Amino acid sequence: MRRPQFLAMLAGSALTGCSRLATSLDDNAPFHRLLQSPEKLDLAILGAGQPLAREYPDRDISADFRQNGFDLPSSPEYSRWSANGWRGYRLFVSGLVESPKSYDLAALRQKFRTRRQTTRHDCVEGWSVIGKWTGARLADVLADCRPTPQAHYVVFHCLDDDGSGTLYYESLDMRQAAHPQTLLAYELNDRPIPLKNGAPVRLKVPTQLGYKSAKYVARLELVADLGGANGMGGYWEDRGYEWFAGI
Ligand SMILES: Nc1nc2c(c(=O)[nH]1)N[C@H]1C(S)=C(S)[C@@H](COP(=O)(O)O)O[C@H]1N2
Ligand SMILES: [Mo]
């Protein structure tokens, strides 16, 4: 990323803890109008014109996509699904949508145009790996479920926990969710995502730090606000990490 852009994003992210997000979005008049508008939320408009994360040639793909985070989901159904080619697994979309739905892997592959991106994953711990992700645009899946105008965030509920039963979760605002490189990925480097990297479906959001890219996603929930019962918007955010986490 070019230096001035990086600095601008740093300055921006310093402002945007989740409690202050609304303030910074007030500066973005078209986006603000969209959120206020009683008409349908247009994800294509929201996604258009956002800066893109750099994409890399295949020769730059890391030999191993390093694993980080919690152990694999421990539920018996997760083991059963993984032993049966993910038969039984469904990704659910719920909350502030006109049409709540669920998708198995075949539906994610067939219903939505296949998108690919080779991007760098930056962990806050200070390491990076480059991987090629294949999946559906999050925006396309959301559009299929028709978020209501009150839906301002997407919460990603995951299947893995920290060992004490607290499940991993993350969230994006509608603008991040509409970003053209924000994928619900089902392949890494042209193969089904390995268990260690979040099979069968993970979020890949290459414009934000690694912890935003939720692995083992089971359910997307559209909500009006973060905070309160919804937590600070993520497992790590609840422990003091920044919500925006732009790179
Ligand atoms: N469900 C879930 N998603 C997660 C994590 C996790 O522990 N559980 N760790 C996050 C962090 S800190 C990073 S760096 C990346 C690691 O992804 P990887 O294991 O594919 O490298 O996943 C992110 N998403
Ligand atoms: Mo990370």
Kindly provide the set of residues from the range 103-128 that are closer than 25 Å to Pro57 by Cβ and β-branched (Val, Ile, Thr), ordered by number. Thr114, Thr118, Thr119
Suppose we filter the range 101-129 for residues that are of a type in the set (A, V, I, L, M), within 16 Å of ligand 2 (Cβ to nearest atom) and under 17 Å from the mean Cα position of the chain (by Cα); how many remain? 1
Filtered residues of the range 123-151 (kept if in contact with a Leu (Cβ under 8 Å, 6 or more places away or on another chain), among the small types (Gly, Ala, Ser) and in a strand (DSSP E or B)): Gly131, Gly135, Ala136
Among the candidates Pro100, Pro51, single out the residue that is touching a residue at least 40 places away in the same chain (Cβ under 8 Å) and within 25 Å of Gln208 (Cα to Cα). Pro51
Condition check for Val154: assigned to a helix (DSSP H, G or I), at pLDDT 95 or above and aliphatic (A, V, I, L, M): no
Within the range 88-117, how many residues are within 16 Å of ligand 1 (Cβ to nearest atom) and open to solvent by less than 60 Å² (accessible area, probe 1.4 Å)? 3
If we ask which residues in the range 176-217 are among the aromatic types (Phe, Trp, Tyr) and within 13 Å of ligand 1 (Cβ to nearest atom), their number turns out to be 2
Would you be able to say whether some residue in the range 138-148 is within 16 Å of ligand 1 (Cβ to nearest atom) and of a type in the set (S, T, N, Q)? no
For Arg120, work out the one condition from (1) assigned to a strand (DSSP E or B); (2) of a type outside the set (S, T, N, Q); (3) open to solvent by less than 50 Å² (accessible area, probe 1.4 Å); (4) within 13 Å of ligand 1 (Cβ to nearest atom) it doesn't fulfil. (3)
Tell me which strands (runs of 3 or more DSSP E) are completely within the range 174-247 and hold 3 or more residues being buried (at least 24 other Cβ atoms within 10 Å of the Cβ), or say none if there are none. 183-188
Could you tell me whether any residue of the range 54-77 is open to solvent by less than 90 Å² (accessible area, probe 1.4 Å), part of a strand (DSSP E or B) and either on the phi > 0 side of the Ramachandran plot or in contact (Cβ under 8 Å) with a residue 24 or more places away in the chain (or both)? no
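The values are calculated or read from the model by the stated rules, or taken from the named source; none is laboratory data. Remember, predicted model here, so these are calculated numbers, not experimental data. Heads up, the Cβs are rebuilt from the backbone with ideal geometry, glycines too, and the neighbour counts pull from every protein chain shown. All accessible areas refer to the heavy atoms of the entire protein, side chains included, with ligands and DNA or RNA removed. Shrake-Rupley method; radii C 1.70, N 1.55, O 1.52, S 1.80 Å.
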